[in-house]
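J.: Below you'll find the structure I mean.
The values are calculated or read from the model by the stated rules, or taken from the named source; none is laboratory data. Since the model is a prediction, treat every value here as computed from it, not as a measurement. Positions of Cβ are generated from backbone atoms using ideal geometry, with glycine treated the same way; all protein chains shown enter the neighbour counts. Surface accessibility is based on the protein's heavy atoms, side chains included, excluding ligands, DNA and RNA. Shrake-Rupley method; radii C 1.70, N 1.55, O 1.52, S 1.80 Å.
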Amino acid sequence: MRSSRNKTIDIDEISGAEYLSRCIRWDRDDAPDDVTDSLITGDSFEVMKRLPRGIADLVIADPPYNLDKDFNGRGFKRSSDEDYAGYTGEWISLVLPLLKKTGSLYVCCDWRSGSVIYEVLKKHLKVRNRITWQREKGRGAKSNWKNSMEDIYFATVSDEYTFNLDAVKQRRKVVAPYRKDGKPKDWEETEDGRFRNTHPSNFWDDISVPYWSMKENTAHPTQKPEKLMAKLILASSDPGDLVFDPFAGSGSSLVAAKKLGRHYAGIEQNEKYCIWAEKRLEMADSDSTIQGYADGVFWERNSAPVRR
Ligand SMILES: C[S@@+](CC[C@H](N)C(=O)[O-])C[C@H]1O[C@@H](n2cnc3c(N)ncnc32)[C@H](O)[C@@H]1O
């Protein structure tokens, strides 16, 4: 019996047939001229070759890390750093023609795949930063340190790119409220408490992995939180821009893009994950809230008020 608080989306291929029919089936349909606001079911390495050039303002890529991982029956096998570099180089060279000259690319990784990804990225793009995300849950280990960090590389095509600093401020609780002349110094008194809105750094400790009682949660094994995607999208795109994700999974980047008034396009090889992504995109029509993001700021873990 599933708890009534368990919101996990886990629709199978039979009951999800209608959701799947909303996707573009690359192996069956003719290549459409316009893929705006679409999820494509197919192999990214084939599909990207035939997508219109220069469509994306922002690419968010969350490729399989260099680990043994089962994506609903399709396994990713850990390989040598050299082979993983070849794999990374191949998808990056397919993504680049899709990016605008003013575009940005974020690539998610862990400590091992990150060292390889950085070497490949810097050959093609201007690498600007590496964000470290402290996941709340770690991957356990008996004879090693628990892996509870992930990285996200930030790169741009050129020196002309979008970065909306004010859109990604972090709201922190004020522990020692300092006053000058009786007035709050750099903090504000609100009905939710005393807060300071700070500039975001490249260390993110305010975002949990999706868990079973969250509306966004699916049974995808490596789902990213909408809050994390929202930070990347708000910083590096403007409303109306197009966000492209070549490894869309359960659709977190596409859903966050839609909720934030951006266009999206994504590719995912696994039909079950496409069904979950389409279900989430439908849910976004009636609920555009993003857990942890409210009043135009990102709140510390488990502190954001629920706004409708
Ligand atoms: C790390 S997961 C992405 C998770 C996603 N960010 C989310 O929030 O759900 C990588 C995804 O890439 C998909 N994938 C792997 N190789 C692919 C390929 N060649 N073409 C399309 N999708 C692929 C996997 O099925 C998996 O869902």
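J.: Take residue 53, project a point 7 Å from its Cα along the Cβ direction, then tell me which residues of segment 82-111 have their backbone nitrogen under 17 Å from it.
T.: What the label zone holds, given the 17 Å backbone N cut-off, is 93-103.
J.: Rounded, prolate or oblate: which fits segment 205-271, taking a ≥ b ≥ c as square roots of the Cα gyration tensor eigenvalues, rounded meaning a/c under 1.5, else prolate when a/b beats b/c?
T.: Oblate.
J.: Would you please name the trypsin sites (Lys or Arg not before Pro) within segment 76-185 that are DSSP coil residues with at most 13 other C-beta atoms within 10 Å of their C-beta?
T.: Values: sites: 77, 78, 100, 101, 112, 122, 123, 126, 128, 130, 135, 137, 139, 142, 146, 169, 171, 172, 173, 179, 180, 185; in loops: 77, 78, 142, 146, 169, 185.
Sparse-neighbourhood loop trypsin sites (Lys or Arg not before Pro): 77, 142, 146, 185.
J.: Obtain the radius of gyration and the Kirkwood radius of the chain from its C-alpha atoms and give Rg over Rh.
T.: Values: Rg = 19.7 Å, Rh = 20.3 Å.
Radius of gyration relative to Kirkwood radius: 0.97.
J.: Over the chain, what percent of the accessible surface lies on carbon and sulfur atoms, probe 1.4 Å?
T.: That fraction is 47 percent.
J.: If you don't mind, another one. Using a 1.4 angstrom probe on the protein heavy atoms only, line up 293, 19, 161 by accessible area, largest first.
T.: Final ranking, largest accessible area leading: 161, 293, 19.
J.: Would any residue of segment 59-78 have its amide N under 14 Å from a label point 7 Å out along Cα→Cβ of residue 147? List them or say none.
T.: 63-70, 76-78
J.: How much length would be gained if the chain were fully extended between residue 219 and residue 124, taking 0.36 nm per residue of separation minus their Cα-Cα distance, in nm to one decimal?
T.: Details: separation 95, 0.36 × 95 = 34.20 nm, distance 3.45 nm.
So the extension gain works out to 30.7 nm.
J.: In addition: To the nearest 20 Debye, how big is the dipole of segment 213-282 about its Cα centre, given +1 on the beta carbon of each Lys and Arg and -1 on that of each Asp and Glu? Display every interim value, and only then the final one.
T.: Working: 10 positive and 9 negative charges, 52 e Å.
So the dipole magnitude of segment 213-282 works out to roughly 260 debye.
J.: Treat every Asp and Glu Cβ in the chain as -1 and every Lys and Arg Cβ as +1, leave all other atoms uncharged, and give the resulting dipole magnitude about the Cα centre to the nearest 20 debye.
T.: Dipole of the chain, to the nearest 20 debye: 1280 debye.
J.: By how many nm would the segment from residue 4 to residue 43 grow when fully extended, if each residue of separation counts as 0.36 nm and the alpha-carbon distance is taken off?
T.: Additional length available on full extension: 10.4 nm.
J.: Once phi is turned into θ = phi - 60°, what whole-Hz ³J(HN,Hα) does the Karplus curve with 6.51, -1.76 and 1.60 give for every residue of segment 59-65, x standing for Gly and Pro?
T.: Going residue by residue, I get 10, 10, 10, 10, x, x, 6 Hz, with x marking Gly and Pro.
J.: Calculated from DSSP H runs of 4 or more alone, at -39500 (n - 2.57) each and per residue, what is the 222 nm mean residue ellipticity of the chain, nearest 500?
T.: Rounded to the nearest 500, it is -7000 deg cm²/dmol.
J.: Take residue 302 and residue 82, extend 7 Å from each Cα along the Cα→Cβ direction, and tell me the distance between the two endpoints in nm.
T.: The modelled label-to-label distance comes out at 4.8 nm.
J.: Around residue 178, with a cut-off of 15 angstrom between Cβ atoms, what is the net charge of the other residues, counting Lys and Arg +1 and Asp and Glu -1?
T.: Result for the neighbourhood of residue 178: +4.
J.: May I ask you to derive the relative contact order of the chain, considering only C-alpha pairs under 8 Å and at least 6 residues apart, and to give it as an integer percent?
T.: Relative contact order of the chain: 24 percent.
J.: Still on this structure, please answer the following. What accessible area per residue, rounded to a whole number of Å², is obtained for the chain using a probe radius of 1.4 Å?
T.: 49 Å²
J.: Still on this structure, I have one more. What does the highest-first list of 296-305, 2-11 look like by mean Cβ count within 10 Å?
T.: Highest-to-lowest ranking by the protection proxy: 296-305, 2-11.
J.: A further question follows. Based on alpha-carbon centroids, what's the gap between segment 65-97 and segment 230-282 in Å, whole number please?
T.: So the two Cα centres are separated by 21 Å.
J.: With the cut-off at 1.5 for a/c, could you classify segment 140-210 from its C-alpha gyration tensor as rounded, prolate or oblate?
T.: Details: a/c = 3.11, a/b = 1.40, b/c = 2.22.
It comes out oblate by the Cα gyration axes.
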